[in-house]
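No lab work stands behind these numbers, since they all come straight from the coordinates. Computed from a predicted structure; not experimentally measured. Counting neighbours? That spans all protein chains shown, and the Cβs are built from the backbone with ideal geometry, glycine included.
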Amino acid sequence: MVYGSFDDSGEILKEFISFMDSFNIPWSIVWGNHDNESQIGIDEQCRRYTNSKNCVFNPGKTIGNSNYTVGISVNKVLKRTLYFIDTHGAVRNAGIYQEQLEFCLERAKEIEKIVSVPSFMITHIPVDLFHISEIEKGYLNESKKSYVIGVDVESKDGDFGFSFDSRGSGGYIKTDELFKKVLEECNVDGIFAGHYHNKCSCIHYNNLKLIFGLKSSQYDYYTNGHIGATLVTFSEKEFKIQYIPSFAEYAPVPALAPNFKNIKIS
């Protein structure tokens, strides 16, 4: 949420939390690979999130800073579970560790005692299933390093989006049999990830929807005309994805773009 090394005072984080709390709706975050670089420290960042007015963040008790679940209920009946998982990447090697997967399985058992519901996994760094899916579905190969689904390549199974990032499999988190067990026992039907600035897509793969979120800021590199938000709308047993373009003014130099606190929300 915050590029920590540029916020050693914690002022940007303070502004961000106040901004989000101003909507008076529940919100939360998953830890990214730069959040923990601020000199105010990890514990202080976690304290600010947990003490905010409307944030439902929980650092969790396993490896990392954001391993927790959030339930979505309708009329006090649980309908879906969100699994927030820290993928590390700064002070610890990027990955999803065994202890984190065991946490997911334990939570699934607790939830299953009450009701069986689908779940949605939220990470920052994507797992290798994202890369495997685009290769197996023919969107990406050795001679084709980028694509727009429905333009450069035929859309399959309702897939949509694009990839202008030519990095190979090395940027993804390798999964194993334990991860597959988590997907099955936690009833995961979708995984949401970011990290790659020039990927924005929804690909159906093995009963999953693998979603790259639309980049939300001008910092660092990005695809011109593709900045905004990703809206995930849940219904009883499924969900839909919609990309929402930003209405904020663009600036020639990203650092000079209007700050979010100057944008009027009505």
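Before moving on, here are some points about what is shown:
- For the chain, a simple Cβ point-charge model (Lys and Arg +1, Asp and Glu -1, everything else neutral) yields a dipole of about 600 debye relative to the Cα centre.
- Estimated FRET transfer efficiency when R0 is 51 angstrom, pair GLU154-ILE114 (beta carbons, to 0.05): 0.75
- Across the chain, counting alpha-carbon atoms alone, Rg and Dmax equal 18.5, 54 Å.
- Label-to-label distance, nm, for residues given as ASN224 and LYS237 (7 Å Cα→Cβ offset): 4.6 nm
- Mean separation of Cα contacts under 8 Å (6+ apart) over length of the chain, as relative contact order %: 13 percent
- Potential lengthening between PHE6 and ILE135 on full extension [0.36 nm per residue; Cα-Cα distance subtracted]: 42.8 nm
- Under Karplus coefficients 6.51, -1.76 and 1.60, residue-wise ³J(HN,Hα) of the range 127-136 in Hz, glycine/proline x: 7, 5, 4, 4, 6, 4, 5, 6, 6, 5
- Additional length obtainable on full extension of the chain from ARG47 to LYS79, 0.36 nm per residue less Cα span: 8.6 nm
- The calculated 222 nm mean residue ellipticity attributable to helices in the chain amounts to -6000 deg cm²/dmol, summing -39500 (n - 2.57) over DSSP H runs of n ≥ 4 and dividing by all residues.
- Computing FRET efficiency as 1/(1 + (r/R0)^6) for SER146 and SER216, where r is the C-beta to C-beta distance and R0 is 30 Å, gives about 0.90.
- Debye, to nearest 20: dipole size of the range 1-57, +1 on Lys, Arg Cβ, -1 on Asp, Glu Cβ: 280 debye
- In units of the compact-protein estimate 2.2 N^0.38 Å, the range 1-57 shows a Cα radius of gyration of 1.03.
- Across the range 38-52, computed HN-Hα scalar couplings (Karplus, 6.51 cos²θ - 1.76 cosθ + 1.60, θ = phi - 60°) run 5, 6, 5, x, 5, 4, 5, 4, 4, 4, 5, 5, 5, 8, 6 Hz from first to last residue, x flagging Gly and Pro.
- Using a cutoff of 8 angstrom between alpha carbon atoms and counting only pairs six or more residues apart, the relative contact order for the range 149-248 works out to 20 percent.
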